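Written out below as structure tokens is the structure these notes cover.
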Amino acid sequence: MTSAHHLYALPEHRRLDLVARFPDLSEQQISDMLGRNLDHFGLTCPRADKRRGHLPSVALLGDDGRWHLRLGDAMVCSVRARLFLDTSTTGSAPGPRAEIHHEQWAHWWTDGRRYRIESPGPHIGTTGSMTMEWDATLTGEEKRPDLVRPWERCQINVHEGDWDPCRIAPRGSWRVHRRTEYIDVGGRMCHVCGDSLAQDLEYNRHTSRIRGVLCQECATHVTACPHPGGCYRADYLNSPPAGHLRKIYYVGGNRDDRKQAGHRAA
């Protein structure tokens, strides 16, 4: 029998979650992984310098029919790489009739019959890259970012975490409903770090209960937290702000809640 003391130092629900997450590892191996994380992180998990989610944002309609996100005084789609976006408040935010320059790079490959705008991967054939540039003029029409559907958004930097998740659920979508419920209770900022916008549902693998909505970074790293307490990630895992909702995360597909409600009623 193994002691697995790092694993058993955690609250039971976290221990069971980790065991469910790593079914191919023994308890001792999971405990050793936590021990390595303790040695690496120290007394608390590190925080990233990423407080962009606190900046005011608004979606602005362009003459291209797309909605473009203004974050602080900067347009998110005005630079190809989000890293270079200056979001400082200068009082010079673009308004109606402002032209927003767009630039997008794409890698392409072809096997001689078909073209694909993507990384070539293992494909054999001709490859290349291209840069597209164009301007979009703002019309002056504004909208809350969370009310703009994904396919209506300008696609430059759209997946970088600056857009609020859309609240308008497609027919039969449980994910959007669940995410909206948890954001309404736990807030629009990440339920772990509070520094970036909440984007992704996160759930306990043992119970399938949703714990909260996290930013992209926290969704990736939160369960690596080895601390029983005294750490912002541990605080979330021990007592998530919207965890009392206890909604189920449906693993394996897009489940229609209305059909399930009908079955339960029957």
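Where a number appears in this text, it was derived from the coordinates with a stated rule and is not lab data. Since we're looking at a predicted model, the values are computed, not measured. Positions of Cβ are backbone-derived with ideal geometry, glycine not excepted, and every protein chain shown enters the neighbour counts.
Calculated from the structure at hand, percent of Cα pairs over 30 Å apart is found among (1) 41; (2) 26; (3) 46 as (3).
Placing a pseudo-label 7 Å from each Cα along the Cα-to-Cβ vector at Val58 and Arg21 gives an inter-label distance of 4.0 nm. By the count of neighbouring beta-carbon atoms within 10 Å, fewest first, Asp86, Asp49 end up ordered Asp49, Asp86. Put in line by how crowded their Cβ is, counting other Cβ atoms within 10 Å and starting with the fewest, Phe84, Phe22 read Phe84, Phe22. Here the Karplus relation 6.51 cos²θ - 1.76 cosθ + 1.60, evaluated at θ = phi - 60°, turns the backbone of segment 9-18 into coupling constants of 6, 7, x, 4, 5, 6, 4, 5, 4, 5 Hz, with x for every Gly and Pro. Only helical runs count toward this figure. For the chain, summing -39,500 (n - 2.57) over DSSP H runs of n ≥ 4 and dividing by all residues gives -7000 deg cm²/dmol at 222 nm. Rounded to the nearest whole Hz, the Karplus-based 3J(HN,Hα) values (6.51 cos²θ - 1.76 cosθ + 1.60, θ = phi - 60°) of segment 209-219 follow the sequence 7, 6, 9, x, 10, 10, 6, 4, 5, 5, 4, with x at glycine and proline.
Around Arg149, what is the net charge, scoring Lys/Arg as +1 and Asp/Glu as -1 over all other residues with Cβ under 14 Å from its Cβ? Net charge around Arg149: +3.
Counted by neighbouring Cβ atoms within 10 Å, the residues Leu60, Leu83, Leu25 run from fewest to most as Leu83, Leu25, Leu60.
About the centre of its Cα atoms, segment 51-145 shows a dipole size close to 420 debye [charges on the beta carbon of Lys, Arg (+1) and Asp, Glu (-1) only; nearest 20 debye]. Rounded to the nearest whole Hz, the Karplus-based 3J(HN,Hα) values (6.51 cos²θ - 1.76 cosθ + 1.60, θ = phi - 60°) of segment 30-35 follow the sequence 5, 5, 5, 4, 5, x, with x at glycine and proline.
For Asp64, the residues whose amide H sits under 5 Å from its own are Thr137, ignoring neighbours fewer than 5 places away on the same chain, with H placed 1.01 Å from N. So what's the angle, to the nearest 10 degrees on a 0 to 90 scale, between helix 174-186 and the longest Cα principal axis of the chain? In the chain, helix 174-186 runs at an angle near 80 degrees to the longest axis.
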